[in-house]
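Quick notes on the structure that follows.
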Amino acid sequence: MPHDFLPGLAGVPAAKSAVSDVDGQRGILEYRGIRIEELCVKSSFLETTHLLLFGRLPTKSELDRFVEDVTHHRRIKYRIVDLLKCLPEHGHPMDALQAAVAALGMFYPGRNVKDIDNNYWSAVRLIAKLPTIVAAYARLRRGDEQIPPRDDLDFCEDFLYMLTEKLPEPVWTETLDVCLILHAEHTMNASTFTGLVTASTLADPYTVVTSSIGALKGPLHGGANEEVVQMLREIGTPARARPYLERKLKDKQKIMGLGHRVYKVKDPRATILQGVCERLFRECGTSPLYEVALEVERVAGELLGEKKIYPNVDFYSGIIYDKMGIEVDFFTPLFAMARVAGWLAHWFEQLRENKLFRPDQIYEGEHNRPYVPIEKR
Ligand SMILES: CC(C)(COP(=O)(O)OP(=O)(O)OC[C@H]1O[C@@H](n2cnc3c(N)ncnc32)[C@H](O)[C@@H]1OP(=O)(O)O)[C@@H](O)C(=O)NCCC(=O)NCCS
């Protein structure tokens, strides 16, 4: 039966899901029915991960067990560290993360995705080990030793400790926790869909997450937060925002961190992150990038508001990570550390009623062409 071709599958449902929901007209995002605004204030990244994976908030004992399981699986094999050491120091950390996650699958080869218990431990390992891999590569590529995780530290504290060898101030761990909650899940999107396509072949979860990491890397998806900070640095001062935007739009170029396929109002995650920026800058001193970002948002409202193009999640997150001292090319790996929760939640969901993805195409080529011998071409 012929179907209309919808570029980018825009608006085509690829799955039935109860993981999260977006109301793009009203700017509402819910995880398992709970608004993100509430989760950011009351929950933690690991509790939110439990909510996403298993469909409900955990009891105290369930949460304790989940946190303990994740905490005890943070270590990575020395061979993974050796693998990271062999990668080029100027390589992109998303490539390093993708390589290391693919390699993880070789150490934990539970291939039977019908085994629920095995799937639980795979999910725990992935959530636990991604931060260790990211922090390890950040240090190794500048010639420092990897710092192993510490079981006495909580998830965000431990990540920042592995990165810097210092115990972070609570303001940094709280900020990171909110950032991770906001990046943990976002309905059907390029990286989730990519993971689900891979998962539909009954590939193991390490391969599923490796696929998703590849899709997340692109500048139209997770890679946008890097480009936002580069753009804000290039603009330099608020006064230069308007001429910069006008020039870009005249050249038909996109402004990074603005616009969204679903949101036709300001992305609620951008609103929360802007609040986080303000709190952080009150406590730790402002960032010149923030002043530029405010002006870019204001001018973009005038120039692009008619097209309903407003800041998305990537607009303010990079400014926060920059203030935390995280290198620009590590912004997307931080996104992956959080989004692995959403990828795995959709994977769990799909496994219950899996069907191999095998879409159709509209063939526009020729038929019955003769094979021309090479000497006659
Ligand atoms: C995210 C994105 C790919 C979604 O776009 P989409 O739904 O596919 O919309 P389109 O790319 O078809 O754009 C629709 C119109 O809005 C314009 N537009 C969309 N995003 C824009 C942006 N960031 N800057 C300037 N114009 C933009 C397009 O030029 C187009 O204009 P036209 O109709 O006059 O040709 C797009 O907004 C974008 O590239 N944003 C920048 C990258 C980014 O921040 N990505 C992170 C997403 S969370």
* Does VAL22 satisfy the criteria of being crowded, with 19+ Cβ neighbours inside 10 Å and not in a helix (DSSP H, G or I)? -> yes
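Which of the residues that make up segment 59-80 are in a loop (DSSP other than H, G, I, E, B) and either farther than 18 Å from MET337 by Cβ or open to solvent by 60 Å² or more (accessible area, probe 1.4 Å) (or both)?
Result: THR59, HIS72, ARG75, LYS77.
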* Asked: Among the listed residues PRO148, PRO88, PRO131, which satisfies the condition of being in a helix (DSSP H, G or I) and in the same structural domain as VAL340 (by TED's automatic domain parsing)?
  -> PRO131
* Structure fact -> Among the residues of segment 268-292, the number that are modelled with pLDDT of 90 or more, β-branched (Val, Ile, Thr) and within 21 Å of ILE235 (Cβ to Cβ) is 1
* Structure fact -> The residue from ILE326, ILE320 that alone is outside any helix (DSSP H, G or I), under 30 Å from GLU89 (Cβ atoms) and either open to solvent by 30 Å² or more (accessible area, probe 1.4 Å) or not aromatic (Phe, Trp, Tyr) (or both) is ILE326
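Among the residues in segment 274-285, are any within 16 Å of the ligand (Cβ to nearest atom), closer than 24 Å to LEU29 by Cα and surrounded by fewer than 23 Cβ atoms within 10 Å (Cβ to Cβ)?
Taking segment 274-285 and keeping what is within 16 Å of the ligand (Cβ to nearest atom), we get 274.
The next check asks that each one be closer than 24 Å to LEU29 by Cα; those that pass are 274.
With the extra rule that they be surrounded by fewer than 23 Cβ atoms within 10 Å (Cβ to Cβ), the set shrinks to 274.
Yes.
Could you tell me whether ARG56 is open to solvent by less than 60 Å² (accessible area, probe 1.4 Å), at pLDDT 95 or above, assigned by TED's automatic domain parsing to the domain that holds THR210 and among the basic types (Lys, Arg)? Explain how you work it out, then say what you get.
Values: open to solvent by less than 60 Å² (accessible area, probe 1.4 Å): no; at pLDDT 95 or above: yes; assigned by TED's automatic domain parsing to the domain that holds THR210: yes; among the basic types (Lys, Arg): yes.
Spelling it out, it is not the case that ARG56 is open to solvent by less than 60 Å² (accessible area, probe 1.4 Å), at pLDDT 95 or above, assigned by TED's automatic domain parsing to the domain that holds THR210 and among the basic types (Lys, Arg).
Look at GLY223 and say whether it is under 16 Å from the mean Cα position of the chain (by Cα), within 12 Å of the ligand (Cβ to nearest atom) and either open to solvent by less than 20 Å² (accessible area, probe 1.4 Å) or aliphatic (A, V, I, L, M) (or both). Outline the logic, then answer.
Values: under 16 Å from the mean Cα position of the chain (by Cα): yes; within 12 Å of the ligand (Cβ to nearest atom): yes; either open to solvent by less than 20 Å² (accessible area, probe 1.4 Å) or aliphatic (A, V, I, L, M) (or both): yes.
Criteria met by GLY223.
In the set VAL178, VAL197, which member is among the aliphatic types (A, V, I, L, M) and touching a helix residue (DSSP H, G or I) at 6+ places or on another chain (Cβ under 6 Å)? Lay out the reasoning, then the answer.
On the way: VAL197 fails: touching a helix residue (DSSP H, G or I) at 6+ places or on another chain (Cβ under 6 Å).
Exactly one residue qualifies, and that residue is VAL178.
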* To do: Return only the number of the condition from (1) of a type in the set (A, V, I, L, M, F, W, C); (2) over 24 Å from PRO205 (Cα atoms); (3) in contact (Cβ under 8 Å) with a residue 60 or more places away in the chain; (4) part of a loop (DSSP other than H, G, I, E, B) that VAL113 does not satisfy.
  => (2)
* Asked: Mind checking which residues of segment 245-259 are within 11 Å of the ligand (Cβ to nearest atom), touching a residue at least 24 places away in the same chain (Cβ under 8 Å) and over 18 Å from VAL229 (Cα atoms)?
  -> LEU249
* Pick from GLU306, GLU349: which is over 20 Å from GLN98 (Cβ atoms) and free of Cβ contacts under 8 Å to residues at least 12 places away in the same chain? -> GLU306
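The values are calculated or read from the model by the stated rules, or taken from the named source; none is laboratory data. Predicted model, so just to flag it, every value in this text is computed and none were measured. We place every Cβ from the backbone using ideal geometry, glycine too, and count neighbours over all the protein chains shown. Accessible surface is based on the protein model in full, side chains and every heavy atom, while ligands, DNA and RNA are left aside. Shrake-Rupley method; radii C 1.70, N 1.55, O 1.52, S 1.80 Å.
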